[in-house]
Structures are given as structure tokens and as C-alpha cells.
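**Student:** Got a structure for you, questions after.
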Amino acid sequence: MTEDEKQQSMYTGLDELDRGIVRFLQENARIPFTQIAKELNVTEKTVRLRVQQMQDEGILSLVGIVNPVKAGIRMETLIFIAVTDQKLEQVTNELESMPEVRLMILVTGEYQLMIQVFTKDSDEFSDFMMKKLNKVEGINRTNVIMELKVLKSKLKFIR
């Protein structure tokens, strides 16, 4: 199986034109549709309609990505959370309401959840742990991992 065939089987909801459009937008979400159209040998209207369709279907979102360090976020922390039986929904509902929690993932293994927490400094992180996370009923234990340095961070899903 060729690399293109692998890509097509991974993204069955996208045809070759959609994948081409997405590749351009992943590099630069502000690229003019006319330029994408020229590169892909289609009309600007085709690109515009395809982008709108992908947005309407929830496949594509065009958003600004903030660099957390430049925005004053100095601490990025991963926290694995073990939850008491029958309390998972309650715990996730509480975590969803916390602005410091940027990402929450259901995982396998001895922990049920992994969250990523962004705070401006260690004082703010300490407050988050003491005044918020440790007060959530249903959390048995946590494993806190401080991110020292981000070595790779890409938002490219279509290659």
C-alpha cells in the first residue's frame, strides 16, 4: 500500500481535493482561497464551498492558535487522575468547568483521566491543586508531571 493509499484509508470522510485544501490551511489558515485553487487546479468557488462544507460538518475549524508562553502561561502540567468507581461523570463535569484545564482525555490503565493544566506560574498552579483539584469529590489519587520543555507540538493531522 502506497503512502497516499494509507492516507486515504485513514481519512475516509475526505477526498483527495479536501485533503489538499486542508494541507494548505494547516500550514497557513489565512492563505487566500484563490491561491489554494490555483495550486490545486480548481476554481476559488470550489475551494470556498469545500471549506464551508468541512466547517459545517465539523471536520475543519479555522482558529487562531495562541502561543501559551508568549501569552504569559509559564507552567504546563499533565496530571493523571484515578477516579472512584461510579464518580467519573461527576469528576469530568467538575473538571470541564475549570478554566486552567485545557485538555481532558479518558485513558486506559491505572488512571482514568489525563488533564493538561495551563497556569501562569507555580503559585497559580499550587492554588489550582489546593483550592480546586484536591476538593473534587471522587478523585482517589493523582500523578503530576511538570512539562519542562515542549519538543514538538504540531496541529497537522493530514499529511
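The values are calculated or read from the model by the stated rules, or taken from the named source; none is laboratory data. Everything numeric in this text was worked out from a predicted model, so none of it was measured. As a convention, Cβ positions derive from the backbone with ideal geometry for all residues, glycine included, and neighbour counts pool all protein chains shown. These accessible areas exclude ligands, DNA and RNA; they are computed on the full protein's heavy atoms, side chains included. Shrake-Rupley method; radii C 1.70, N 1.55, O 1.52, S 1.80 Å.
**Student:** Once the piece of chain linking residue 71 and residue 43 is laid out straight, how much longer is it, given 0.36 nm per residue of separation minus the C-alpha distance between them?
**Tutor:** Fully extending the segment from residue 71 to residue 43 adds 6.2 nm.
**Student:** Please list, or write none, the lysines whose alpha carbon is within less than 19 Å of the alpha carbon of residue 120, excluding same-chain residues fewer than 8 places away.
**Tutor:** Answer for residue 120, where 19 Å is the Cα cut-off: 70, 131, 132, 149, listed by chain and number.
**Student:** Sort 104, 98 from largest to smallest accessible area, using a 1.4 Å probe on the heavy atoms of the protein chains.
**Tutor:** 104, 98
**Student:** So how do 42-50, 134-142 stack up, highest first, on mean other-Cβ count within 10 Å?
**Tutor:** Values: 42-50: 15.9, 134-142: 13.6.
My ranking of the peptides, most packed first, is 42-50, 134-142.
**Student:** Nearest 0.05, what FRET efficiency do residue 154 and residue 90 give at R0 = 41 Å with Cβ-Cβ as r?
**Tutor:** 0.75
**Student:** For 146, 54, what's the largest-to-smallest order of accessible area, 1.4 Å probe?
**Tutor:** If we order 146, 54 from most to least accessible, we get 146, 54.
**Student:** Among 114, 43, 69, whose Cα lies farthest out toward the positive end of the dipole of the range 38-120, if unit charges sit on the beta carbon of Lys, Arg (+1) and Asp, Glu (-1)?
**Tutor:** Checking the options against the dipole of the range 38-120, the answer is 43.
**Student:** Could you give the size of the charge dipole of the range 82-159 about its Cα centre, using +1 on the Cβ of each K and R and -1 on the Cβ of each D and E, expressed in debye and rounded to the nearest 20?
**Tutor:** Details: 12 positive and 12 negative charges, 114 e Å.
With only Lys, Arg, Asp and Glu charged at Cβ, the dipole is about 540 debye.
**Student:** Tally up the carbon and sulfur contribution to the accessible surface of the chain as a whole percent, 1.4 Å probe, everything protein left in place. Kindly include the intermediate steps, with their values, before the conclusion.
**Tutor:** On the way: 5530 of 11060 Å².
Within the chain, the accessible surface is 50 percent carbon and sulfur.
**Student:** Bin width 10 Å, origin at 0, all Cα-Cα pairs of the chain: what percent of pairs per bin?
**Tutor:** Percent of pairs per bin, in order: 9, 29, 23, 24, 13, 2.
**Student:** Could I have the simple spin-label model distance between residue 130 and residue 147, label points 7 Å from Cα toward Cβ, reported in nm to one decimal?
**Tutor:** Each label point lies 7 Å from its Cα, and together they span 2.5 nm.
**Student:** So what's the net charge close to residue 80: Lys and Arg +1, Asp and Glu -1, counting the other residues with Cβ under 12 Å from its Cβ?
**Tutor:** Working: positive: 141; negative: 110.
Result for the neighbourhood of residue 80: 0.
**Student:** Same structure again: Where a ≥ b ≥ c are the square roots of the eigenvalues of the C-alpha gyration tensor, would you call the range 82-157 rounded, which needs a/c under 1.5, or, failing that, prolate if a/b is larger than b/c, or oblate?
**Tutor:** oblate
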